[in-house]
Amino acid sequence: AFGAAPAHAQGADDDFAVKATSGFHIGYVRTGVPDVDAESQAGLTGLSNVLNRRTAVEAGQPMAVDIEHDELVFFPLLYWPVVPGETPPSPQAVERINKFLSTGGTILFDTQDQGQSTPFTANATQQRLQQIASGLEIPTLMPVPPEHVLTKSFYLLQEFPGRWAGGTLWVEPADDTVNDGVASVIVGSNDYAGAWAIGPGGQPLHATVPGGEQQREMAYRFGVNLVMYALTGNYKNDQVHVPAILERLGQ
């Protein structure tokens, strides 16, 4: 048919959809930078293992997502590392991302620069994030307030460290009329995938600075809270997903 996708592309789309809907998977945005993408995969593998051990969530292997071509609505949560030289999304991708955000999807943008942050690098990172987010329907963000759901969705937390500590975690102001009050955009700089990342034998890949293994534990707790938070508001009005999500949450 005129305009139909090539058979091989359609087959790849079908394979992606089948895998993405086979269970709960955390998605991460593929940046095209090999080290960054490998860390995202290792980090979300570590977090998925923790979810499987400690909660009723049954997490499959994380999945790389090409924001230009892949369907996003299969994922309650996307991890998006912000890297130098990253190409801003095309208008078509921006439309797809806005749809994802407006239907309950949550994105964690991680600038990963807290460990070497200076006023200059912080400004450069902010500009990269603004370029990437240009066109996205993101309201003004605020630091996570003390009573925010992210501080108590599973563990009680007041700090949100990753591989680095000290960076501010930013969220949308809560609006209970939209996505059950779950923020669609969260922004941090602490390199969360770096703290969660494990090697083939399950060993941590990076030191967590300055707090050592206690900091890594708190980073994992933040990751668990983040997933629980994203699942709470996602697809709430979509009856296709509700039974599966409730089952995963053990209710």
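Throughout, read-outs are computed from the coordinates displayed, never taken from laboratory work. Computed from a prediction, not measured in an experiment: that's the story for all the values here. Every residue, glycine as well, gets a Cβ built from its backbone with ideal geometry; the counts of neighbours run over all protein chains shown.
Close amide H contacts of residue 106 (hydrogens built in the peptide plane, cut-off under 5 Å, sequence separation of 5 or more or a different chain): 77, 78. Of the three principal axes defined by the Cα atoms of segment 8-71, the extents in descending order read 39, 27, 13 Å. For segment 1-146, what log10 I(q)/I(0) values come out of the Debye formula at q = 0.08, 0.10, 0.21 1/Å, with one point per alpha carbon and no solvent? For the requested q values the scattering log ratios are -0.25, -0.40, -1.50. With Cα atoms as the point set, the radius of gyration and Dmax of segment 113-215 evaluate to 15.4, 44 Å. Under the Karplus relation 6.51 cos²θ - 1.76 cosθ + 1.60, θ = phi - 60°, what is the ordered set of whole-Hz ³J(HN,Hα) values for segment 75-92, x standing for Gly and Pro? So the J values, rounded to whole Hz, are 10, x, 9, 10, 9, 10, x, 9, 10, x, x, 5, 6, x, x, 5, x, 5. The trypsin sites (Lys or Arg not before Pro) of segment 100-209 meeting both criteria, a DSSP state outside H, G, I, E and B (loop) and at most 16 other C-beta atoms within 10 angstrom of the site's C-beta, are 152. The base-10 log of I(q)/I(0) for segment 79-163, evaluated at q = 0.15, 0.24 Å⁻¹, reads -0.71, -1.31 [Debye formula, identical scatterers on Cα atoms, solvent excluded].
If packing is taken as the mean number of other Cβ atoms within 10 Å per residue, what is the order of 67-78, 15-26, 201-212, highest first?
Details: 67-78: 19.1, 15-26: 15.8, 201-212: 13.8.
So the peptides 67-78, 15-26, 201-212, ranked by packing, come out 67-78, 15-26, 201-212.
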